[in-house]
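Structure record follows, encoded as structure tokens.
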């Protein structure tokens, strides 16, 4: 990513000392402009203050966490920079000392991207424990979202999840001393809302020497569910005369959502009277952590044509993400009589939407922010 950025800036760097290459700030000519490419774009986007009803809104805000200096390229009717096709640059300063010269903060060189878009973030801690395990099981493994099995042999487990709108896949595998095994997999809500997704257990019961065994799919969750056994049956209950016909019996269930659940019984011994898959229960507690804002961090916000907000501080940046200030100088007062800073910058990073999806975002231009 960094190599791509510096190829993009190669021509600019050769003329970095030539002030006349900056857009003119006199006679009403455009001064502030940004060109960028986002994932999926087939051509470069350019936004210029003073062209096409765009304006550069500069401002600063202060609170107990520090000062936020902002410059937003936005339609003239959108001074908050929160309309579709608005691009904002936000510099953070944690130094509230009035004797500290704010204009010294906009230094030439590399600036770090902020890691989160708030001083606090919420995650969830979930405690899991097996149920229906009193039959034969004495050893357990857990897997979350396809991760390798963990806590082999332990029943209870505690796991942390980030705040997310996506459900979490949980798989519990249980083992018995006689070789019997059990596995269940289903989705749960990250914030602990119960019974949003399908679930299933297998109950095995011996009937008699003639009819053999009944295997019943015990369903949980909302809505109408479709049942599918490994034997090919779509009934909620199947009959097996001889358990040794197959080493493993499994069933899957699904509803109208894209999420399904499954259960498996394996290595069943002839002569067993009753058994059941070991399933699990869980409880979820939210926890809030505070993240210290570091002086010098910055964030980029882009609102696309559909009004979807993308920010650089909603997720983890690539190690080679870069934001560089090539030139910096004082500029004239803004419409509110506040001092402003003009900077020629380049950037190459990831932007994230609220669902955690990412896109690449790279470009260069001349931006401005206000400061006290």
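The values are calculated or read from the model by the stated rules, or taken from the named source; none is laboratory data. In this text the structure is predicted, and so the values were computed from the model without any measurement. Neighbour counts are summed over all protein chains in view; Cβ atoms, including those assigned to glycine, are modelled from backbone coordinates with ideal geometry.
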* For the stretch 240-270, what are the residues that are part of a loop (DSSP other than H, G, I, E, B) and under 22 Å from residue 189 (Cα atoms)? -> 255, 256, 257, 258, 259
* To do: Go through 224, 231 for me and flag whichever is touching a strand residue (DSSP E or B) at 6+ places or on another chain (Cβ under 7 Å), more than 21 Å from residue 282 (Cβ to Cβ), part of a loop (DSSP other than H, G, I, E, B) and in contact (Cβ under 8 Å) with a residue 12 or more places away in the chain.
  => 231
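Yes/no matrix, rows are residues, columns are (1) under 30 Å from residue 141 (Cα atoms); (2) surrounded by fewer than 16 Cβ atoms within 10 Å (Cβ to Cβ); (3) modelled with pLDDT of 90 or more:
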residue	(1), (2), (3)
257	yes, yes, no
261	yes, no, yes
270	yes, yes, no
275	yes, no, yes
293	no, no, no
299	no, no, yes
* To do: State whether the residues of the stretch 269-288 include one that is under 32 Å from the mean Cα position of the chain (by Cα) and farther than 25 Å from residue 161 by Cβ.
  => no
* Structure fact -> residue 84: passes all of (1) in a strand (DSSP E or B); (2) within 30 Å of residue 311 (Cα to Cα); (3) modelled with pLDDT of 90 or more but (1)
* Return the pairs, sorted by first residue and then second, in which the second residue is crowded, with 17+ Cβ neighbours inside 10 Å and not in a strand (DSSP E or B), the first residue lies in the stretch 201-221 and is at positive phi and in contact (Cβ under 8 Å) with a residue 12 or more places away in the chain, the beta carbons are less than 8 Å apart, and the residues are 6+ apart or on different chains. => 212/243; 221/197; 221/198; 221/255
* Asked: So which of 125, 200 is outside any loop (DSSP other than H, G, I, E, B), under 23 Å from the mean Cα position of the chain (by Cα) and surrounded by 13 or more Cβ atoms within 10 Å (Cβ to Cβ)?
  -> 125
